[in-house]
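Here's the structure, in structure tokens; my notes come after.
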Amino acid sequence: IRVMLYFIILCVYYFLVVLSPVMTNNITEDIEVLVFLPQNNSYLFSYARVAPAILYAQQRLKIEGGQYSGFLFNIQFENSDCVNDAMFMLADRSCGQKPDLILGPVCEYEAAAVVRLASHWNIPVISAGALAAGFSNKKTEFSHLTRIAPSYVKMAEIFTAMFEHFTWKTALLVYEDDKEERNCYFTLEGVYHLMADYNIKTYAVSQENRLDADDILQKIYDTEVVIMCMGADKIREIMLAAHRQQFTNGSYVFFNVELFNASSYGNGTWKKGDKYDNAARQAYASLNTVTLLRTVKPEFENFSVEMKKSIEETGLDDCQDCVNIFVEGFHDAMLLYAIALHEAMRNGYNKKNGMKITSLMWNRTFEGIAGQVSMDANGDRNGDFSLMAMTNVEAGTYEVVANYFGVNGTFQLLPAFNIDSFTLRGRHKAHTEIPSKSCGLGMSALTGVSVGAVLGTAMLLAFYFFRKNFRITIERRTHSEEANTRKHYQLREDSIRTNF
């Protein structure tokens, strides 16, 4: 009997001490997730590319006996078109049961409306998009937005670090503007926003018009640094023009921004198989590329293989840009929400406490699919970026020469870094002195020449200001007419409140 009693006591002790924590941690809950992704595969964040990553994360969270295995995610995907469809779908859906979590949208204009509505309804929103500077305002209308990909302002931090390190003062921002998604516009808006203390000029390249590289070079003359964001072909055209005019001799520093780790943007690819390849290779020796820091984590390699396989099964043959920041980001969004919800429920909250869950996703670090993810106190992911440069001009090959780590603001120079490429060495050559003699002209002749020069200058200035005023009038009239026809004009002015 004593043995039996001892055995029963031991079993009770084991149940209370060992099994109870496991049962307590294994919280169960059904979670309704609404995901906004476009069906159109021209987007890098289309359903075919991103949905497999979300479902992959869902399966990982289901692991038997895992901390989050009690969460049942009911995921509903909706088609969004980067205009207003997502807002209307959310409004219609919310007439019944409101979702517990919203993933997306990515496009700025569409996200602005959805996040405002969700914040009003106390629904957490996590997006790998909505990266424009205007979404940094989390105090009011975007209070429930968590950005799981580094924003454009975070990307701009690498430029401020370099400007401080090399004591640059001036820059020209050249960007391609499609008037729809406006990725490059918002990218360089982030740079402009963060570098207000520097002398920054901007130049917009229309997608509809032919690129005028010579006009861009005219704008470059009185700057030190050129930062570009546009398609790879346009980057190449500008660099070829700069090389012809000897702008690549060290007098200027050129950068291009590779968005989203995607090759559809200017990624340093100089070779096109045409007669300009040799000149392009030499020109690109002066072009540096800013891109997201790439991981070599083994788990990420397995994830990439699975994603490419799943994406190809959907019929998307071109898988060159399959695993980009959107794919990684939406995967990590599921993990981050599960961590925050679990913590909230352990402290007596439930899935409808959207603001509490949102706050628990901010100012924390967790292990994502590609490595450690650090969220700042404003709900924005700290970004790690790499600087790539051509290290072998003969071969035309690029490699990473520096890294910037956003969590602590450190700039790491790697062995391949060549400081001569960033010191504006071409500007420090001795200037030829201008002769001070009159070259045999008498004083009266010199006086006549001087007076004539002054009068001529005055006439030129008068003509210039008349022409400039006339041009401004025409441009204002043109902009006014465009404003009435552009479908996103009012949304662009009001939704994100950009000041770029």
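Key figures for this structure:
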read-out	value
Residue satisfying condition, being at pLDDT 90 or above and not in a helix (DSSP H, G or I), within set 72, 55	72
Hits in region 299-331 (condition: touching a Cys at 6+ places or on another chain (Cβ under 9 Å), within 12 Å of residue 44 (Cβ to Cβ) and exposed (fewer than 15 other Cβ atoms within 10 Å of the Cβ))	none
Where a residue in region 12-40 is of a type in the set (A, V, I, L, M, F, W, C) and its partner, wherever it lies, is exposed (fewer than 15 other Cβ atoms within 10 Å of the Cβ) and at pLDDT 95 or above, with Cβ under 6 Å and at least six apart	34/76
Matching residues, region 119-132, being crowded, with 24+ Cβ neighbours inside 10 Å, hydrophobic (A, V, I, L, M, F, W, C) and either assigned to a loop (DSSP other than H, G, I, E, B) or at pLDDT below 95 (or both)	123, 128, 130, 131, 132
Top-ranked residue in region 47-76 [being touching a residue at least 40 places away in the same chain (Cβ under 8 Å) and closer than 20 Å to residue 181 by Cβ; ranked as surrounded by the most Cβ atoms within 10 Å (Cβ to Cβ)]	50
Subset of region 153-180 [crowded, with 18+ Cβ neighbours inside 10 Å and either in a loop (DSSP other than H, G, I, E, B) or of a type in the set (Lys, Arg) (or both)]	154, 168
Number of positions in region 95-116 that are of a type outside the set (D, E, K, R) and surrounded by fewer than 19 Cβ atoms within 10 Å (Cβ to Cβ)	3
Subset of region 377-396 (residues that are assigned to a strand (DSSP E or B) and either among the aromatic types (Phe, Trp, Tyr) or within 22 Å of residue 326 (Cβ to Cβ) (or both))	380, 381, 384, 385, 386, 388
Index of the failed condition, residue 108 passing every other in (1) touching a Leu at 6+ places or on another chain (Cβ under 8 Å); (2) of a type outside the set (Val, Ile, Thr); (3) modelled with pLDDT of 95 or more	(3)
Test for residue 347: is it without any contact (Cβ under 8 Å) to a residue 40 or more places away in the chain and at positive phi	no
Pair list, Cβ < 7 Å and 6+ apart or interchain, from region 172-201 residues that are over 19 Å from residue 292 (Cβ atoms) and assigned by TED's automatic domain parsing to the domain that holds residue 237 to residues that are of a type in the set (S, T, N, Q) and part of a helix (DSSP H, G or I)	195/160
Of the criteria (1) touching an Asp or Glu at 6+ places or on another chain (Cβ under 9 Å); (2) not in a loop (DSSP other than H, G, I, E, B); (3) not basic (Lys, Arg), which one residue 81 fails	(2)
Filter result for residue 127 (under 17 Å from the mean Cα position of the chain (by Cα) and either within 26 Å of residue 366 (Cβ to Cβ) or of a type in the set (Val, Ile, Thr) (or both))	yes
Yes/no for residue 402 being among the aliphatic types (A, V, I, L, M) and under 20 Å from residue 138 (Cα atoms)	no
Some residue of region 210-220 being part of a strand (DSSP E or B), under 25 Å from residue 245 (Cα atoms) and touching a residue at least 40 places away in the same chain (Cβ under 8 Å)	no
Candidate set: region 332-361, residues that are over 18 Å from residue 30 (Cβ atoms) and of a type in the set (Gly, Ala, Ser); chosen: the one surrounded by the most Cβ atoms within 10 Å (Cβ to Cβ)	333
Scope region 224-248; condition in a loop (DSSP other than H, G, I, E, B) and either of a type in the set (A, V, I, L, M, F, W, C) or modelled with pLDDT of 95 or more (or both); matching residues	224, 230, 247
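The values are calculated or read from the model by the stated rules, or taken from the named source; none is laboratory data. Values in this document were obtained by computation on a predicted structure and should not be read as measured data. Cβ: placed from backbone, ideal geometry, glycine included. Neighbour counts: every protein chain shown.
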